[in-house]
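Every number here is computed from the coordinates shown, using simple stated rules; none is lab data. Nothing here was measured: the structure is a model prediction, and the numbers come from that model. Cβ placement follows ideal geometry from the backbone for every residue including glycine, while neighbour counts extend to all protein chains displayed.
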Amino acid sequence: MDQKAYWVGFNLVKGIGAVRLQLLIQYFGSPEAAWNATAGDLYSVGLPQRIVDGFLDLRKTTDPLQVYEDILKKGFQVMTRDDDNYPEKLSNIDHPPPVIYLRGTIKLEDRWAVAMVGTRRVTSYGRQVTEQVATYLARNGMTVVSGLARGVDGVAHQSALSSGGRTIAVLGSGLDQIYPGEHRQLAERICENGAVISDYPPGTPPDAANFPPRNRIIAGLSMATVVVEAGEHSGALITATFAAEQGREVFAVPGPIYAPQSRGTNRLIREGAQPLLEPADILESLNLRKVDQYKQASLLLPVDELEAKLMEILNLEPVYIDEIQAKVGYPVEKVSAALTMMELKGMVRQVSGMTYMATREENEQYRVR
């Protein structure tokens with residue numbers, strides 16, 4: 001049986017998320033072996049009784065293969081952490097979602113992505129800014145990521161599509177439960193030039209508790225998060241918090257100090273987010289002035305002397321940029337720019353803050369002989 005069926009099976013079990021599923025797979029060797037484990041074996045892993053009891057009850061009435069086949073018949077795809085095409089940016093966060101359901105396509109080029117989030121009660125000012133920023137990003141080769149909600153999210157998706165760009169929508173419900181309902185047609189358009197994804201199984205209704213975890217995925221897919229307008233208790237602020245925790249850039253659009261929709265963004269700026277004064281600020285901050293050239297570079301450009309030296313230093317253990325700079329002897333700004341390019345090439349990844357490591361042992365091919 002396809003192992004994905006068992007990944008999907010565990011995705012239906014309340015209380016078994018990324019951490020516990022990884023523990024089960026490591027202990028039993030495979031999702032299939034974990035699914036067929038005895039109650040005693042499950043207790044020995046350290047699962048609480050309520051979770052074991054819930055799992056055993058579900059297992060009695062659930063055929064993982066049938067569930068998996070039903071999902072495929074609906075036209076949905078299933079992606080797991082074991083898949084080579086699992087989004088690289090998302091895989092780098094702590095405890096990435098084990099299973100992603102999707103319609104459309106996620107491409108390698110979607111690693112160049114920026115999240116745009118904000119209030120559902122978008123003002124004319126917020127709408128204008130969202131349209132301008134999303135259009136700029138799309139025309140410069142960036143994928144726009146958002147949550148398909150009313151307001152800023154919907155405007156961001158629509159603007160990216162209208163500009164011929166790619167966009168990804170992350171749901172807080174199953175793929176067959178598009179919310180809000182008036183965005184069903186927009187979701188169809190997104191599937192044609194991007195993807196609609198969710199880590200919730202088909203049939204899951206939209207629920208308030210689902211959206212904070214959804215926001216974590218939005219931030220995780222993106223190099224940076226832009227908050228356009230947000231009230232003091234907006235979910236967009238949760239996305240910004242996740243982005244900061246993941247070591248990603250956070251931008252906030254400043255607004256009138258008395259406007260309710262700008263209180264959250266202005267507070268983000270006060271707390272250290274970068275004020276977004278024009279769309280070009282985003283690519284400037286990310287050292288991505290010419291995104292399309294960087295995309296080609298990831299495939300075509302040879303490794304230069306500095307990159308070769310960096311690959312001599314970096315391995316599968318994180319190294320702080322100050323230590324890297326001291327070893328290679330180049331100015332820190334050149335080292336930072338080179339590491340950014342190497343991250344885009346998939347050679348290194350930023351673990352947290354300014355700490356870097358090689359992405360995989362295969363990078364041995366880049367090292368100087």
Test of understanding: what is the full-extension gain from Arg121 to Glu333, defined as 0.36 nm times their sequence separation minus their Cα-Cα distance? 72.3 nm
Projected onto the charge dipole of region 82-226 (+1 at Lys/Arg Cβ, -1 at Asp/Glu Cβ, origin at the Cα centre), which of Pro212, Val133, Leu175 gives the Cα projection farthest towards the positive end? Val133
Percentage relative contact order, region 104-285, counting C-alpha pairs under 8 Å, at least six apart: 22 percent
Per DSSP H run of n ≥ 4, the term is -39500 (n - 2.57); total these for the chain, divide by its residue number, and report the mean residue ellipticity at 222 nm rounded to 500 deg cm²/dmol. -13500 deg cm²/dmol
For region 186-252 and region 14-69, compute the distance between their C-alpha centroids and round to whole Å. 28 Å
Enumerate the lysines that Lys334 could reach by cross-link, defined here as Cα to Cα under 22 Å, with residues fewer than 8 away along the same chain left out. Lys290, Lys295, Lys309, Lys345
Calculate, for Ala326 and Lys60, the FRET efficiency according to 1/(1 + (r/R0)^6) with r their C-beta to C-beta distance and R0 56 Å; round to the nearest 0.05. 0.40
Euclidean distance between Cα centres, region 127-160 to region 95-123, Å: 12 Å
When the chain is treated as a Gaussian network with springs between alpha carbons less than 10 Å apart, the largest mean-square fluctuation among Leu58, Leu102, Leu276 is found at Leu58
Step by step: find N for region 26-81, compute 2.2 N^0.38 Å, then divide the Cα radius of gyration by it. What's the final number? 1.31
About the Cα centre of region 1-56, what is the dipole size in debye to 20, counting +1 per Lys and Arg Cβ and -1 per Asp and Glu Cβ, all else neutral? 200 debye
Which three numbers, in whole Å and largest first, are the semi-axes of the equivalent ellipsoid of region 1-152 derived from its Cα gyration tensor as √(5λ)? 37, 17, 15
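Do any GluC sites (Glu not before Pro) in region 170-271 lie in a loop, going by DSSP, with at most 16 other beta-carbon atoms within 10 Å of their beta carbon, and if so which?
Passing sites in region 170-271 are Glu232, Glu271.
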Contact order relative to length of the chain, as percent, for alpha carbon pairs under 8 angstrom and 6 or more apart: 13 percent
Diffusion coefficient, µm² s⁻¹, Stokes-Einstein with Kirkwood Rh over alpha-carbon pairs of region 173-328 at 10 °C and 1.306 mPa s: 85 µm²/s
Give the peptides 116-124, 24-32 in descending order of average Cβ contacts within 10 Å, highest first. 116-124, 24-32
Quick one: Debye curve from the C-alpha atoms of region 302-366, no solvent, what's log10 I(q)/I(0) at q = 0.19, 0.20, 0.24, 0.29 Å⁻¹? -0.60, -0.67, -1.01, -1.58
Among Thr105, Thr80, Thr130, which comes first, then next, by fewest other beta-carbon atoms within 10 Å? Thr105, Thr80, Thr130
Report the local net charge at Ala195: Lys and Arg +1, Asp and Glu -1, summed over other residues whose C-beta lies under 11 Å from its C-beta. +1
Normalised by the number of residues in region 1-73, what is the relative contact order in percent for Cα pairs under 8 Å and 6+ residues apart? 46 percent
Using a Cα-Cα cut-off of under 27 Å, which lysines could be cross-linked to Lys4, ignoring same-chain neighbours fewer than 8 residues away? Lys14, Lys60, Lys73, Lys74, Lys89, Lys107
The answer for trypsin sites (Lys or Arg not before Pro) in region 138-209 that fall in a DSSP coil and have at most 16 neighbouring Cβ atoms within 10 Å is Arg150
Which one of Ala236, Ala358, Ala208 has the biggest mean-square fluctuation once the chain is modelled by GNM with Cα springs under 10 Å? Ala208
